[in-house]
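In what follows, a single structure is set out as structure tokens and then discussed.
Computed from the coordinates by the stated procedures, all read-outs in this text should not be read as laboratory data. All values reported here derive from a predicted model rather than from experimental measurement. As a convention, Cβ positions derive from the backbone with ideal geometry for all residues, glycine included, and neighbour counts pool all protein chains shown.
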Amino acid sequence: MGVIIAVVFIVFCSLFARGQEHTADNKIKDLEEKRPATISLLSNYYGQDGEHGAVNGGIGSQFLESYSQEAAIYIPIRDSSAFKVHAGVDHFTSASLRMIDKYKTEASTAQGNVSKDETRKYGNISFDLADKKHNSIHTPTLGFSTEYDVSSVNMGYSWTKFFPEKNMSYQVGGTLVVDRWLMIYPGEFRTQVMGYQYVGTNTTGSGGTSGSGGTTTGSGTTSGGNSGGTSGSGQKMTSSGGSGSTTGASTTTGSEGGNSGYTTGASTDTASWKEVPVGYAKPIAVTGETATKGGKTYPVDWRYSWAITNTVTYVINQRMNGAIGLDIMGQTGLLSTPFYRVYFDDGVSTELDKQVYIEKLPRQRLKAALYTRYNYQFADNVSLRLGARYYQDTWDISALTASVEVPVKLTGSLSIDPFYRIHLQQGSKYFAAYGKHVYSTDGYYTSDYDLAGFTAHKIGATLRLSPLKPLFSLYNKSASSIFSMPSVGIRYAYYMRSDGLKASSVSLEMNFNL
């Protein structure tokens, strides 16, 4: 159904474009048009919360806060050639990352370095190289991104061809992203979770009260003598178990839980707490390529992502324009997240003893997205922008996204742009909720709700101030402007998903001309 809607929309726009007369006023701007150097600064706050954290196998907090600072610099060189720089810093705090090492014991207290605030740094440079003779622009790009456990490099190239006589342009591009991952597993997969188990024997001499033996079961209950003993957790995660003690031929007590048992006569009671492995998870050996960071050694894996984009942009008449496009994408290598847990349907209710593995997904994925955009100018101060996108991949995820924006110019300098987007997604065949997967050695499994089926809504608005004269300017001695601020905008968006995830973001953009 989604394919039909998207295709019909694209065909309608294309046929409509062919039926219109092209006018001289709608030709693509001359490549030699002079543009100033610009600097755009963007500050963003993003916050979300939900109850399906993938780090904990699909349950638990999805709380996250992110503060981003970005800068984009555009420097014209000649004709339409230009040098562009984009860089930013994203600092985020995530409750789910703190769950990477959620089992803290006396024998395993080390916390992973990623289970705290994280900072991501990124940037790229690109060149617009104008070819006036062929009405085209060549754009090579090179960039990077780095955070604690992932470092990336990316490169790309795009070619834009203008057809002034048809009021059209065509852009084709390709990108390659190489990610190097430090394989940070959940704590119990790096170090065996240790607990304490009470073990011992009880023998009774003549004249005493017989005892059935001071043994400890897996649940942590010790019974000794007629009426007492020690009851503890059995897996003394944080010194929570009891510590039984015996004195010669007199008294045996349990310090936490149960009633003390009193033994008379000549008895011998030997018992102790023994540190033993607990929990289902077994540590994953560090093998193959490794890297050391922060004094810790991690396995290394790689991810390669590529994309080919195709977009046709066209002007229909003075009031209408649009675009259609098709993107083909692929990935190979590590496509799962190494610190995401998956819990299985094994009949066990205690999480620590439940069958658990880290997320496992295929090491290949192909994606395709078909999209269209249509803009209509109702009047000098009111516009309509429509968009639609259909997505499909080899993990059986399909999605349809539709959006609408209605920019309105309130005054000569103030405008508002309300928007709404709906996203309908069919989930991956590899997804199941907490405790719902059935394990098989050659199967794939995830409990990441981003790969599940859901419906999402996003609504918000952008308020922009862009007067005919700059908001402020600095001048040199000859009264020429050397620095000005032509516009500023603030944007708010609210996002909600049918699985309970809610998020909001606030952005402030300031633009400057040099």
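Descriptive notes on the structure:
- Amide H to amide H distances under 5 Å link E275 with Q197, where only residues 5 or more positions off or on other chains count and H is placed in the peptide plane.
- For W306, net neighbour charge (Lys/Arg +1, Asp/Glu -1) across residues whose Cβ lies under 13 Å away: +1
- In terms of the mean number of neighbouring beta-carbon atoms within 10 Å, the peptides 445-451, 327-333 order highest first as 445-451, 327-333.
- Amide H contacts under 5 Å for S96, placed H, 5+ residues apart: F63
- Put the Cα centre of the range 76-91 next to the Cα centre of the range 146-160 and the gap is 15 Å.
- Length gained on full extension, I284 to L386, computed as 0.36 nm times the residue gap minus the Cα-Cα distance: 31.8 nm.
- Legend: distances between Cα atoms for K102/K274; K282/K360; K102/K293; K84/K133; K282/K436; pairs beyond 18 Å are K102/K274; K102/K293; K84/K133; K282/K436.
- Amide hydrogen proximity for I316: with H placed 1.01 Å from N in the peptide plane, the residues at 5 or more positions away or on another chain lying under 5 Å are N321, G322.
- Each part reduced to its alpha carbon centroid, the range 315-331 and the range 381-404 end up 12 Å apart.
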